[in-house]
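Worksheet for the structure shown next.
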Amino acid sequence: MEIWKKITNWFDSTHLQEQIRDVDAAGLFTNPWFFVPFGFMVGYLLFKQQWKDLIIVAVFVAVWWVSGTAYMDSLIVGGELQINKILPVVFGGAAALGFVIYLLFGRSD
């Protein structure tokens, strides 16, 4: 139990939850320093028809978007983790990770 307390103290010290909550998604996707290279990367992946890589990028963008939703804000209430709300996140993350691993290491045609 001591190691769990150290992990939660470290997680609290990083202020990761506040950083994710304060991300300005509209500002990020209208910022040319982000959008131009991201657009070129997506365009290049489409041009080269690298569908696996494009799907992996889409999964990472979707995970980033989901991490900023109000549901994620409600996972920790009063400093306590809500177990009934964390289970869908764990299973969804495991499914996304399994899908990415399948794309990277699965059979190729």
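The values are calculated or read from the model by the stated rules, or taken from the named source; none is laboratory data. As the structure is a prediction and not an experimental result, all values here were calculated from the model. Here the Cβ is made from the backbone with ideal geometry for all residues, glycine too, and neighbour counts use every protein chain on show. For the accessible areas, the whole protein counts, side chains as well, though only heavy atoms, and no ligand, DNA or RNA atoms are used. Shrake-Rupley method; radii C 1.70, N 1.55, O 1.52, S 1.80 Å.
What to note about this one:
- GLN19 vs. criteria of a type outside the set (A, V, I, L, M, F, W, C), in a loop (DSSP other than H, G, I, E, B), out of contact with any Cys (no Cβ under 6 Å at 6 or more places or on another chain) and open to solvent by 70 Å² or more (accessible area, probe 1.4 Å): no
- Answer from SER13, SER74 - the residue that is surrounded by fewer than 10 Cβ atoms within 10 Å (Cβ to Cβ) and more than 14 Å from the chain's Cα centre (by Cα): SER13
- Considering only residues in the stretch 30-57 that are of a type in the set (A, V, I, L, M, F, W, C) and surrounded by fewer than 12 Cβ atoms within 10 Å (Cβ to Cβ), the one that is farthest from TYR102 (Cα to Cα) turns out to be TRP33.
- Matching residues, the stretch 11-70, being more than 26 Å from LEU104 (Cβ to Cβ) and among the polar types (S, T, N, Q): SER13, THR14, GLN17, GLN19, THR30, ASN31, THR69
- Number of positions in the stretch 58-71 that are surrounded by 10 or more Cβ atoms within 10 Å (Cβ to Cβ) and closer than 15 Å to GLN17 by Cα: 8
- Unique match (being assigned to a helix (DSSP H, G or I), exposed (fewer than 11 other Cβ atoms within 10 Å of the Cβ) and not β-branched (Val, Ile, Thr)) among GLY98, GLY92: GLY98
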